[in-house]
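The values are calculated or read from the model by the stated rules, or taken from the named source; none is laboratory data. Keep in mind the model is a prediction, meaning the values are calculated, not measured. Every residue, glycine among them, receives a Cβ derived from its backbone with ideal geometry; neighbour counts consider all protein chains shown.
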Amino acid sequence: MKTTNKIQAFLMFLLFLIFSFPLLSQDLKLSTAQKAAMDFLENQEKRSAEMLVEIGGIISPSGMEMKRAEKVADYMKAIGLSHVEVDQLPNAIGVIPGKTDNVLVFISTLDDLETVALHQKASGNAPVIEGDKVIGPGTNTSSITVSMLLAAEAIVKSGQQPKHTLVFAAVAQEETGLKGMHAIYEKYKDRSIGFVDILGDGRNISYGAMGIHWYKVRAFGPAGHTLRGGLPNVNQAMAKAIDRIFQMDYKEDRTVVNVSIIESGKVFNHKPEEAWFSLDMRSLNNATLAEMESKVKEILSDVMEETKIEMKLEPYQITPGGQIPNVLQTPLVLRAQEVSRFLGFEPNMSNAGSSNMNIAIAGGTSAIGLGGERGGQRGFPDEWASIPNMITAAKHVFLLGSYDW
């Protein structure tokens with residue numbers, strides 16, 4: 001009798017797992033057309049590397065991406081996307097019409113860090129292909145755009161119309177305020193079933209967004225030679241403010257504050273007239289960030305009164321955060337996990353993403369970030385991208401876009 005009860009309990013537990021996680025218990029079943037498209041992607045290593053040399057070799061610091069955007073748009077037209085356009089930001093956008101007007105939006109980052117552009121100019125050479133790597137500044141971030149283009153081409157070649165309309169957007173000015181993503185979100189949010197920010201091959205999946213608020217704290221006071229100096233002094237006000245900001249006590253998980261840049265005088269014997277420091281505040285809780293900002297303003301007000309130095313809090317870059325209720329059970333997250341497993345890895349899940357996806361999540365729209373390794377040395381002269389990882393990322397995007405869900 002005891003054995004029978006144990007068997008019944010075990011069977012009930014199995015049934016619970018099956019009905020609680022129906023999508024996760026099923027393997028992806030590829031159609032003949034999908035298998036052919038996956039084979040196509042498997043054989044694109046040489047071509048993907050050549051595409052990256054061309055796209056990544058275009059100098060594109062944030063705000064100066066037009067030539068790269070136009071090149072991406074040329075590829076979109078060549079592989080058969082419709083409604084291809086380059087908007088004023090400039091974002092490069094292409095579409096695969098679906099059976100419905102609902103849209104699933106795939107995002108890649110178009111621009112590079114300013115340091116990458118400087119390394120490109122200093123090198124004067126295009127990236128080079130060495131074995132399974134593409135080496136040279138401009139390759140790491142642009143590798144995800146190549147993955148997105150290959151995935152879109154595979155969907156077109158499959159000959160199967162997707163259930164949802166698929167939008168592929170290489171967005172500009174990610175490094176300077178997510179401006180391109182803001183525009184894409186406004187354009188598609190009312191019809192969107194989700195946004196997928198391609199950051200890698202899906203070994204990591206972000207489903208929530210950490211709020212990141214960057215400020216410049218400026219101080220203004222009277223200048224003077226050391227012999228006629230003394231107080232008031234902007235540096236005293238800076239020191240007082242920084243010390244008190246670091247004493248703010250927030251125990252919430254992933255709530256942090258940092259000061260990393262301090263700029264003030266130029267010479268030993270002169271009291272500076274102006275100074276500033278950076279302020280980086282992060283939290284998963286938007287209300288906490290608002291409370292922290294209010295507290296910083298109180299600190300600056302107190303310091304101004306004590307030191308007679310004017311102080312201002314200037315927003316520099318505000319990346320909104322947020323969490324979608326019951327997000328782990330949404331079709332987008334479940335499908336992305338299923339695809340990662342199909343490709344051979346158990347994804348690391350995070351509710352603290354920080355990328356273009358933040359804009360959609362802050363607006364209440366389901367979004368994920370597909371993370372993972374895509375190369376190394378980003379921002380350095382010897383930056384490189386992994387060709388195999390580009391192909392894996394393309395497969396992930398293809399499978400997300402080509403399945404009905």
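Assorted remarks:
- Per the listing 330, 319, the residue uniquely more than 30 Å from residue 273 (Cβ to Cβ), surrounded by fewer than 21 Cβ atoms within 10 Å (Cβ to Cβ), among the β-branched types (Val, Ile, Thr) and within 14 Å of the chain's Cα centre (by Cα) is 319.
- Residue satisfying all of: in region 120-167; farther than 24 Å from residue 400 by Cβ and of a type in the set (Lys, Arg); surrounded by the fewest Cβ atoms within 10 Å (Cβ to Cβ) among these: 121
- Some residue of region 272-281 being surrounded by fewer than 15 Cβ atoms within 10 Å (Cβ to Cβ), touching a residue at least 24 places away in the same chain (Cβ under 8 Å) and in contact with a Leu (Cβ under 9 Å, 6 or more places away or on another chain): no
- The number of residues in region 214-258 that are surrounded by fewer than 16 Cβ atoms within 10 Å (Cβ to Cβ), touching a helix residue (DSSP H, G or I) at 6+ places or on another chain (Cβ under 7 Å) and among the β-branched types (Val, Ile, Thr) comes to 0.
- The condition (being in contact with a His (Cβ under 7 Å, 6 or more places away or on another chain) and over 22 Å from residue 216 (Cβ atoms)) is satisfied by just one residue among 285, 326, 269: 269.
- Every condition in (1) under 29 Å from the mean Cα position of the chain (by Cα); (2) at pLDDT 95 or above holds for residue 251 except the one numbered (2).
- Under the condition of being in contact with a helix residue (DSSP H, G or I) (Cβ under 9 Å, 6 or more places away or on another chain), over 15 Å from residue 181 (Cα atoms) and in a loop (DSSP other than H, G, I, E, B), the residues counted in region 346-368 number 3.
- Long-range neighbours under 8 Å by Cβ, at least six apart or interchain, first residue over 14 Å from residue 368 (Cα atoms) and not assigned by TED's automatic domain parsing to the domain that holds residue 396 within region 333-344, second polar (S, T, N, Q) and surrounded by fewer than 20 Cβ atoms within 10 Å (Cβ to Cβ): none
- Reported count of residues in region 205-259, each being of a type outside the set (A, V, I, L, M, F, W, C) and closer than 30 Å to residue 349 by Cα, is 14.
- In region 87-110, the residues that are within 19 Å of residue 61 (Cβ to Cβ) form Cβ pairs under 6 Å with partners that are modelled with pLDDT of 95 or more and hydroxyl-bearing (Ser, Thr, Tyr), at six or more places apart or across chains, as follows: 108/145; 109/141.
- Residue within region 206-213 that is surrounded by 24 or more Cβ atoms within 10 Å (Cβ to Cβ) and among the aliphatic types (A, V, I, L, M) present: yes
- Residue in region 179-186 that is outside any strand (DSSP E or B), of a type in the set (Val, Ile, Thr) and out of contact with any His (no Cβ under 8 Å at 6 or more places or on another chain) present: yes
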